[in-house]
Amino acid sequence: SQQGEEDPQALSIQEGENATMNCSYKTSINNLQWYRQNSGRGLVHLILIRSNEREKHSGRLRVTLDTSKKSSSLLITASRAADTASYFCATVDNYGQNFVFGPGTRLSVLP
Amino acid sequence: EPEVTQTPSHQVTQMGQEVILRCVPISNHLYFYWYRQILGQKVEFLVSFYNNEISEKSEIFDDQFSVERPDGSNFTLKIRSTKLEDSAMYFCASTRHEPGQGDYSNQPQHFGDGTRLSIL
């Protein structure tokens, strides 16, 4: 089964605006993680939220998790041009060991 | 901050040839992974490796693939007879495992910058 489907697929905003990306998944999870990927680079871990947590903050990032709806959101506040990247959510799969990444949201922050 | 390093950054190979992609995980990490990302698509899990053996592998990781930890630092992915559809970015990742924490999936993964494999 597929896990970690993000939406929207692409998002374009002006610098200073907030960006919200959503992730849905299908099975029970231990935790959900968000990663960022700059063009041509590897993935960089942003934040991890455990299944018993509802909200978590890290700097300008705010992640929520609703296990009843099997969904998570990533909010980037006061966006900057440097936030331009693809953002992926990752969940642990049914075997409880390995990560399954969604197709990602491509965020463009225009100066 | 320690990094996962991958070499080469770009590999061009003729179809049918063997290719070896190399990774140096973070030194105190114990769990290692290979992922593949076809251009514009999602990151796909290939294989995980712990204690010198494969922990899990996906359907993509068929008999043409193999992994090895030939020494204390390198972690390699070998593709025996490359196909055109093997063209992709290949990412290595590693995870720190803290003793006593049995569920290592609660650890973030640290990724290298990838090797772009182009099969001609």
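The values are calculated or read from the model by the stated rules, or taken from the named source; none is laboratory data. Since the model is a prediction, treat every value here as computed from it, not as a measurement. All Cβ positions, even for glycine, are placed from backbone atoms using ideal geometry, and neighbour counts span all protein chains on display. SASA here: full protein model, heavy atoms, side chains in, ligands and nucleic acids out. Shrake-Rupley method; radii C 1.70, N 1.55, O 1.52, S 1.80 Å.
Of the residues in the stretch B:56-74, at least one is polar (S, T, N, Q), away from chain A (no Cβ under 11 Å) and either under 24 Å from B:G16 (Cβ atoms) or open to solvent by less than 20 Å² (accessible area, probe 1.4 Å) (or both). Residues satisfying the criterion are present in the stretch A:24-37 (criterion: open to solvent by 20 Å² or more (accessible area, probe 1.4 Å) and modelled with pLDDT of 95 or more). For a quick check of your reading of the model, give me the residue pairs whose first member lies in the stretch B:1-23 and is away from chain A (no Cβ under 14 Å), whose second is among the basic types (K, R) and in a strand (DSSP E or B), with beta-carbon atoms closer than 6 Å and at least 6 apart or on different chains. Pairs found: B:I20/B:K78. Taking (1) closer than 18 Å to A:R36 by Cα; (2) in contact with a strand residue (DSSP E or B) (Cβ under 8 Å, 6 or more places away or on another chain) in turn, B:G40 satisfies each apart from (2). In summary, A:E6 fulfils each of the numbered conditions (1) of a type in the set (D, E, K, R); (2) open to solvent by 20 Å² or more (accessible area, probe 1.4 Å); (3) in contact (Cβ under 8 Å) with a residue 12 or more places away in the chain with the single exception of condition (2). Give the stretch B:1-32 a look and list any residue that's open to solvent by less than 90 Å² (accessible area, probe 1.4 Å) and under 12 Å from the mean Cα position of the chain (by Cα), or say none. B:V4, B:T5, B:Q6, B:T7, B:I20, B:L21, B:C23, B:V24, B:P25, B:Y31, B:F32, listed by residue number. A count restricted to the stretch B:82-112 and to residues that are at pLDDT 95 or above, in a loop (DSSP other than H, G, I, E, B) and open to solvent by 30 Å² or more (accessible area, probe 1.4 Å) stands at 2. Residues that are exposed (fewer than 13 other Cβ atoms within 10 Å of the Cβ) and at positive phi occur at least once in the stretch B:33-42. Listed by position, the strands (runs of 3 or more DSSP E) contained in chain A that have at least 2 residues being within 14 Å of another protein chain (Cβ to nearest Cβ), under 29 Å from B:S94 (Cβ atoms) and among the charged types (D, E, K, R) are A:5-7.
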